[in-house]
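S.K.: Here you go, one structure.
The values are calculated or read from the model by the stated rules, or taken from the named source; none is laboratory data. Just so you know, these numbers come straight off a predicted model, no measurement behind them. Methodologically, a virtual Cβ is constructed for each residue, glycine included, from the backbone with ideal geometry; neighbour enumeration extends over all protein chains shown. Surface areas here come from the heavy atoms of the whole protein model, side chains and all, with no ligands, DNA or RNA. Shrake-Rupley method; radii C 1.70, N 1.55, O 1.52, S 1.80 Å.
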Amino acid sequence: MNFDVKLSMHEILENKYFKDAKVIAGKSGLHRPVRWVHVLEVTSIENLLSGNELILSTGIGWKGDKEVFGSLVQQSIDANAAGLCIELGPYISTVPQEVIELADSHDFPLIVFFKEVRFIDITQEIHSLLIKKHYQILSDLEEYSNRLNQLLLSSNPQQKILQLLHVHLKMTVFYISNQGKVQVISKKTPEEQDRIFQILKGDKIPQHMNIAHQPVQALNQTFADLFIISESEAITEFESLVLDRSAIALAQSLLRELYVEEQRKAKEAEWVGCWLEGGHSNEQIHRYLSELEPNLKPNGCMVLLCKADNLDKVISEFTYLKVYFRSIFEQRGIFLLSHLQKNQMVFVLINNWKTDDFKRRVQEGVDCLRESEFIKKQKFSRLEFSVGKLINHLNDVKNSYHTAKETLNIREKMPNQLGNYFYEDLYIFRLVLAANEQGVLREFISDYLGPVLLHDQQNNGELLKTLKIYLQCKGAKKETAEQLHIVRQTLYHRIERLYELIGRDFMEPYKRQAIEVAISAYEYTSASKSLYEYASIPKSS
């Protein structure tokens, strides 16, 4: 694991090799961290430093030249060096007052050795301290991780993990779930805790406060946000790593709870299946839901179908899929019950918020699922969604289930015509479905389109396409020709042929409506039937 390990200037000055050293400038900057030590004797150093280095020098590079000395200090300040240590001796006997004032003005520590010291001993000692500190941090982090693992095996691990984080770092801890539930572990008064919470909800963090944040994520979803707050010292990288490990442990705890909950809810599958078939009364449904989720206040519901050709290959992951689906919809005020049928996942989406934006929230949830990296990793082949009719009475869920299946059927047959997932967006196809169920669709198509379909079949023509575009353009010939990519004269010829086949009155309102419905009906059924089924005259030999 790679991360920056730093010593403070105070720690370094306490080392035995600095017992005869003296800080002559920049004492206010002794809080600066040191992550490495460099011996530099050149006068151009701006490209040699990365920041937080302690520089050792004998002054041989400038030999008493004040301007060069001042330039060296300025370069060190600009490079965010931790400090400059000068050995007074044959190359430099004193530090110019101008240099001392420059260092003081930038809180840049200047340290002098009055006796000869071996720089190799200093670099070796400090680098050894840095390495020891690195291993100590790794050891502390490993010990903390082991304590987290022990807590994960206990009851109510979430609260214990938050408490451990607070005690270990001695900082205020905030845990805010997606549902808005807030847990605070702090020694501060309730008033101070509320003040911090308001700051976390806002956009601006006061400069005197140091806050680190880590999302609690599982299945590519964020379930909560974890914060540690320090109002004095800056949060170190080690403390950030402790926060990260805590967030991972909380995610594991949460995922385990969700998995156990979903396994329990898997027993509900039989009940949900019976509900979808209309086998429960309104009273039975409300009683069951109140026992399942006491805070649920149903405000309408829809049925969502999710179909995948290879669902059987990932069926072992169905519990995690349900956990993921539930996390998507619950944060949008939608309670979810699930049922598995062959190659379909059936979800009853129960609205727990206001009704007027229910459809929008369902749409957002479906869009989120379609774009989800977690879902893509399941490697479903041809994943399809459809949503049934919104119903206000829970015992009518069979109706929403039936209409969701109808929507899926049409979306599979006509993927290019239907972009939305909702039954209410089927528009004219709802009439098409009803006519098909009544057995009158074939005759209807034949009555209004039979001659056109037969002409296209016998002549390899495009009269049906021309008729459809012409109607969509409301009879505008120029626009129709442009969309068909033909010249106007060709369009006039085709329109004359349409007059001969279906009459010159096909633009009259009622007849036009009938023809438009017939075109939609034909597009719905054409995938599995021959043109000649709808022709008004038999196929020529």
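S.K.: Which shape class, rounded, prolate or oblate, goes with the range 153-221 when its Cα gyration tensor gives a ≥ b ≥ c as root eigenvalues, a/c under 1.5 marks rounded, and past that a/b bigger than b/c marks prolate?
M.R.: Judged from the Cα gyration tensor, the range 153-221 comes out oblate (a/c at least 1.5, b/c at or above a/b).
S.K.: What does the accessible area of His286 come to, in Å² to the nearest 10, when a probe of 1.4 Å is used?
M.R.: 80
S.K.: While we're here: Can you tell me how the chain classifies by the Cα gyration tensor, rounded, prolate or oblate, using a/c under 1.5 as the rounded cut?
M.R.: The shape class here is prolate.
S.K.: Any idea what Rg and Dmax come out to for the range 158-310 if you just take the C-alpha atoms, in Å?
M.R.: For the range 158-310, the Cα radius of gyration and maximum Cα-Cα distance read 20.8, 63 Å.
S.K.: Once the range 88-163 is represented by equal point scatterers at the alpha-carbon sites, with solvent omitted, what log10 I(q)/I(0) does the Debye formula produce at q = 0.21 Å⁻¹?
M.R.: -1.01
S.K.: How charged is the neighbourhood of Glu277? Take every other residue with its Cβ under 14 Å from the Cβ of Glu277, and add Lys/Arg as +1 and Asp/Glu as -1.
M.R.: Summing Lys and Arg as +1 and Asp and Glu as -1 gives 0.
S.K.: Now a separate question. Classify the range 1-83 from the C-alpha gyration tensor, please: rounded if a/c falls under 1.5, else prolate or oblate depending on whether a/b exceeds b/c.
M.R.: Oblate shape, in that a/c is at least 1.5 and b/c is the bigger or equal ratio.
S.K.: With a 1.4 Å probe and all protein chains left in place, how much of the accessible area of the range 463-533 comes from carbon and sulfur atoms, in whole percent?
M.R.: About 50 percent, which is the carbon plus sulfur part of the accessible surface.
S.K.: Same structure, new question: With a 1.4 Å probe and all protein chains kept in place, how much accessible area does Glu406 have, in Å² rounded to the nearest 10?
M.R.: 20
S.K.: Within 10 Å, count the other beta carbons around each residue, average over each peptide in 105-117, 180-192, and list them highest first.
M.R.: Taking the mean over residues of other Cβ atoms within 10 Å, the ranking is 105-117, 180-192.
S.K.: Here is a further query. Go through Asp456, Asp194 and list them by solvent-accessible area, largest first, probe radius 1.4 Å.
M.R.: So the residues, ranked largest to smallest area, are Asp194, Asp456.
S.K.: Just the number, please: percent antiparallel of the DSSP beta bridges in the chain, rounded to the nearest 5.
M.R.: Close to 80 percent.
S.K.: Rank these residues by their accessible area, most exposed first, probe 1.4 Å: Ile515, Ile176.
M.R.: Ile176, Ile515
S.K.: Moving on to the next point. Show that you can apply the helix-only estimate: for the chain, add -39,500 (n - 2.57) for every DSSP H stretch of four or more residues, divide by all residues, and state [θ] at 222 nm to the nearest 500.
M.R.: Value at 222 nm, helices only, nearest 500: -15500 deg cm²/dmol.
S.K.: In bins 5 Å wide, starting from 0, what share of all Cα pairs of the range 442-503 does each bin hold, as a percent?
M.R.: Percent of pairs per bin, in order: 4, 18, 30, 25, 16, 6, 2.
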